[in-house]
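A short worksheet on the structure shown next.
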Amino acid sequence: MSIVFLGLPGREQRAFVNALNYATSGAVELAIIRHREPRTLADHLKRAWEVASAPGLLQELWYAVALRLSKKTRLALKYFRGSSLKDGPPEFDPPRLDVTDMNGAEVHEILKKIAPKLIVVWCSAILKPHILECAPYVINFHTGILPYYRGAVANQFAVLRRDEKHIGSTIHLVTPGVDRGDIIAQIYGDTNKPPREMFREVNDKSLALFIEIAQKILAGENVPRQQQDQTKGEFFRLSQWSNKLRWIVGQQLLRWEEKGIF
């Protein structure tokens, strides 16, 4: 019985999959890491045009420059993914496969060959049915509270809306559709704490619980779950996360940190 991890590049995810492999006594057979294809200047301009109306294009470019010049704002935006996970022993780093498409033929063939009991997901890719069918269990770490905030940058939009009751994370089963599977566990943030501390705490608790749930599934234990209310919530695309919104949320985080009030 084995695990395959689907994730993104980065120190936090490397530390997590190392900890997962250690906790499951080496059950992680493979880590599949999705890389985004390099963007050209034309790609960046196209995205700016998509997220802004034609009259707002210059405004979007202005905020891009403002973000580039404000290191404090850029660092504040990293709070959302902060964690205390440390890099573990290199011997628990599983074999790694780098891809650009989680739904591609290469990934599908490898998953069929490995036939894992569990696929552990921590990435924004929307997995298609032929990938989901490769394991009896597929679980995801979603950085937002379901069903209210589906899709990408969920907590960012909760902060933007000052929705303090729906900031946190969700661990759920993955099914066809975006963030629609049964909820296994949720961790809520305490907005009375400074944002950096709060998000680190949410992520630390969530990732520890994610590992615990993976251990239970691998051991054949029952993992309680709850159906989502599919009539509630909204879906957020990464393309909605404009430079203007990044700037606004970054400034909100800095004020929250300075004044101690969400």
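Please treat every number below as a calculation from the coordinates, not as lab data. Since this is a predicted model, take the numbers as computed values, not measurements. Counting neighbours? That spans all protein chains shown, and the Cβs are built from the backbone with ideal geometry, glycine included.
Inter-label distance, GLU221 to ARG74: 4.3 nm, where each label sits 7 Å from its Cα along the C-beta direction. Rounded to the nearest 20, the size of the Cβ-charge dipole of the chain about its Cα centre is 860 debye, with Lys and Arg at +1 and Asp and Glu at -1.
The convex hull defined by the C-alpha atoms of the chain has an orientation-averaged projected area of 14.6 nm². Computed over the range 99-223, the Cα gyration tensor eigenvalues convert (square root of 5λ each) into semi-axes of 28, 16, 12 Å, ordered from largest to smallest. Taking the chain as a Gaussian network of alpha-carbon nodes connected by springs under 10 Å, the highest mean-square fluctuation of the residues THR24, THR143, THR100 belongs to THR100. Put a dot 7 Å past the Cα of PHE235, heading toward its Cβ, do the same for ASP93, and the two dots end up 3.7 nm apart.
Placing R0 at 25 angstrom, the Cβ-Cβ distance between ILE110 and LEU173 gives a FRET efficiency of 0.70 after rounding to 0.05. Each part reduced to its alpha carbon centroid, the range 137-159 and the range 232-254 end up 13 Å apart. Spin-label pair LEU245-VAL65: with each label point 7 Å from Cα along the Cα-Cβ axis, the two points sit 2.4 nm from one another. For the peptides 232-238, 188-194, 15-21, the ranking by packing is 15-21, 188-194, 232-238, with the highest mean count of neighbouring Cβ atoms within 10 Å listed first.
Cross-link list LYS78/LYS205; LYS78/LYS216; LYS165/LYS193: which exceed 21 angstrom alpha carbon to alpha carbon? Result: LYS78/LYS216 exceed 21 Å. Ranked by the mean number of other Cβ atoms within 10 Å of their residues, highest first, the peptides 3-12, 151-160, 174-183 fall in the order 151-160, 3-12, 174-183.
Taking a ≥ b ≥ c as the square roots of the eigenvalues of the alpha carbon gyration tensor, the range 55-129 is oblate, as a/c is not under 1.5 and a/b does not beat b/c.
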